[in-house]
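The values are calculated or read from the model by the stated rules, or taken from the named source; none is laboratory data. In this text, all values refer to a predicted model and were calculated from it rather than measured experimentally. Using ideal geometry, Cβ is built from the backbone for each residue, glycine included, and neighbour counts are taken over all protein chains shown.
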Amino acid sequence: MARQEKYEPRQLIAMFRLAAVFRNQLLELGFTDNGGAIHSAERILNILGLRLCYPGLDHMNNLRKHPGALFSAAALAAHRAGGRVFIEHISPHRALTRLAIGQIAAGVDDEAFMAFVRAHFKLALLTRTETDRLNRINRSRIAHDRLQAAGIVVGPIDHTLPD
């Protein structure tokens, strides 16, 4: 029997809408995103992104076992050899959360918001070296070629991986 999800996407969208309003109210009072104004929205967007983009994934740390996971060639080799791989948001999560809050402020409906999340919430598995190189080049800005600029190419793999 499939495990019942604690939060369903529409419920998460309602929560995100509240978190977006709350974040903006905190900013008006002088609190900053680095201070924590955006944290609830980030967390809710992360859960929503996992539900919409990686169905069946019970925890982000199990991404390497998901059939939709994207690996760099080096990360796949490391994973197959029993080494560690690191999860990277292809669109930096804070920047994506700010864009998502902008979508809410623009008045998009739930369907359009789900489409936005499906289009932009992407994770990749990288090696430590790749993650460090990527962070040196662009840690926080959304760019369509962010990984490529760091010399990283990711793609889906044949998931006949040993555990």
- Note on the structure: Within the stretch 114-143, of all residues that are of a type in the set (A, V, I, L, M, F, W, C) and more than 15 Å from the chain's Cα centre (by Cα), the one farthest from Arg80 (Cα to Cα) is Ile137
- Task: State which residue pairs qualify: first residue β-branched (Val, Ile, Thr) and inside the stretch 144-159, second residue at pLDDT 85 or above in any location, beta carbons under 6 Å apart, and separation of 6 or more residues or different chains.
- Result: Ile152/Ser72; Ile152/Glu130; Val154/Leu70; Val154/Ser72; Val154/Ala124; Ile157/Phe71; Ile157/Leu76
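Residue-by-condition table, conditions (1) acidic (Asp, Glu); (2) under 21 Å from Asn46 (Cβ atoms); (3) assigned to a helix (DSSP H, G or I):
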| site | (1), (2), (3) |
| --- | --- |
| Ala75 | no, yes, yes |
| Arg94 | no, yes, yes |
| Ala112 | no, yes, yes |
| Ala119 | no, yes, yes |
| Arg133 | no, no, yes |
| Arg139 | no, yes, no |
| Ala143 | no, yes, no |
| Ile152 | no, no, no |
- Could you please let me know if Phe31 is assigned to a helix (DSSP H, G or I) and among the aromatic types (Phe, Trp, Tyr)? no
- Message: Please go through (1) within 29 Å of Asn34 (Cβ to Cβ); (2) part of a strand (DSSP E or B) for Gly102 and return the number of the only condition it doesn't satisfy.
- Response: (2)
- Task: Quick one: in the stretch 128-163, of everything that is at pLDDT 90 or above and in contact with a strand residue (DSSP E or B) (Cβ under 7 Å, 6 or more places away or on another chain), which residue is nearest to Ser91 (Cα to Cα)?
- Result: Leu147
- Item | Extreme residue, surrounded by the fewest Cβ atoms within 10 Å (Cβ to Cβ), among residues of the stretch 40-99 that are polar (S, T, N, Q) and either touching a strand residue (DSSP E or B) at 6+ places or on another chain (Cβ under 9 Å) or farther than 22 Å from Asn138 by Cα (or both) | Asn61
- Determine, yes or no, whether Leu57 is touching a residue at least 60 places away in the same chain (Cβ under 8 Å), under 23 Å from Pro156 (Cβ atoms) and not β-branched (Val, Ile, Thr). no
- Item | Residue list for the stretch 73-108, restricted to those being within 17 Å of Ala14 (Cα to Cα) and β-branched (Val, Ile, Thr) | Thr97, Ile101, Ile104, Val108
- Kindly provide the set of residues from the stretch 121-131 that are in a helix (DSSP H, G or I) and basic (Lys, Arg), ordered by number. Arg128
